[in-house]
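Visitor: Structure below; questions to follow.
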Amino acid sequence: MKKSLPIVLAIVLLLSAVAHLLSPEFYAPMIPGFIPVSLANLLATITELTTALLLFFPQYRKWGGLAFMFLMFAFLPLHIWDMFREDPVVGPQPLTSIRLFFQFVFIYVGWWIYKKY
């Protein structure tokens with residue numbers, strides 16, 4: 001798990017970065033109105049791509065774990081905000097609680113990678 005988890009996360013982050021570029025409209029409902037959608041997509045793309053590259057290379061994996069943890073912390077307010085919306089982006093209200101729980105799991109995974117490398 002120590003070797004495969006960072007690679008799996010890196011692949012997911014790369015796919016997400018590409019998705020931000022190819023389908024920015026998909027992410028628009030997740031972004032609060034006071035944040036410009038194009039800026040949010042650009043920053044997410046750059047951050048996800050950078051974090052993915054750090055996770056791919058063993059000599060930088062420790063910092064990739066830390067970057068992943070901070071990225072998950074950065075997304076945390078968006079998930080909390082979505083949880084209290086009248087019409088959450090992820091679907092019914094129970095799903096927002098599950099997603100929020102997994103956000104904390106992802107934060108821990110980033111910390112775990114950081115500590116293991």
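The values are calculated or read from the model by the stated rules, or taken from the named source; none is laboratory data. Keep in mind the model is a prediction, meaning the values are calculated, not measured. Here the Cβ is made from the backbone with ideal geometry for all residues, glycine too, and neighbour counts use every protein chain on show.
Visitor: Among the residues of segment 98-117, what is the count of those that are assigned to a helix (DSSP H, G or I), surrounded by 14 or more Cβ atoms within 10 Å (Cβ to Cβ) and not charged (D, E, K, R)?
Guide: Selection size over segment 98-117: 10.
Visitor: Quick one: count up the residues across segment 36-72 that are in contact with a Phe, Trp or Tyr (Cβ under 7 Å, 6 or more places away or on another chain) and not in a helix (DSSP H, G or I).
Guide: Adding up the residues that qualify gives 0.
Visitor: Something else: Can you tell me which residues in segment 55-97 are touching a Pro at 6+ places or on another chain (Cβ under 8 Å), at pLDDT 95 or above and aromatic (Phe, Trp, Tyr)? Steps first, answer last, please.
Guide: Looking only at segment 55-97, we keep the residues that are touching a Pro at 6+ places or on another chain (Cβ under 8 Å), and these are 55-56, 61, 64-65, 78, 81-82, 89, 95-96.
Restricting the remaining residues to those that are at pLDDT 95 or above gives 55-56, 61, 64-65.
Result: Phe56, single match.
Visitor: In segment 19-45, what residues are farther than 17 Å from Trp81 by Cβ and touching a residue at least 24 places away in the same chain (Cβ under 8 Å)?
Guide: His20, Leu21, Thr45
Visitor: Select from segment 1-35 the residues that are of a type in the set (S, T, N, Q) and part of a helix (DSSP H, G or I) and write down the one among them that is nearest to the chain's Cα centre (by Cα). Steps first, answer last, please.
Guide: If we filter segment 1-35 for residues that are of a type in the set (S, T, N, Q), which is where we start, we get 4, 16, 23.
When the remaining residues are screened for being part of a helix (DSSP H, G or I), the result is 4, 16.
Details: Ser4: 18, Ser16: 8 Å.
Applying the filter and picking the extreme gives Ser16.
Visitor: I want to confirm something. Restricting to segment 73-97 and keeping residues that are part of a helix (DSSP H, G or I) and among the aliphatic types (A, V, I, L, M), which single residue is farthest from Leu5 (Cα to Cα)? Give the steps one after another, and end with the answer.
Guide: As a first pass, look at segment 73-97 and keep what is part of a helix (DSSP H, G or I): 73-83, 93-97.
Okay, now just the ones that are also among the aliphatic types (A, V, I, L, M), so 74, 76, 78, 80, 83, 95.
Details: Ala74: 21, Leu76: 21, Leu78: 25, Ile80: 26, Met83: 28, Leu95: 24 Å.
Residue satisfying both the conditions and the ranking: Met83.
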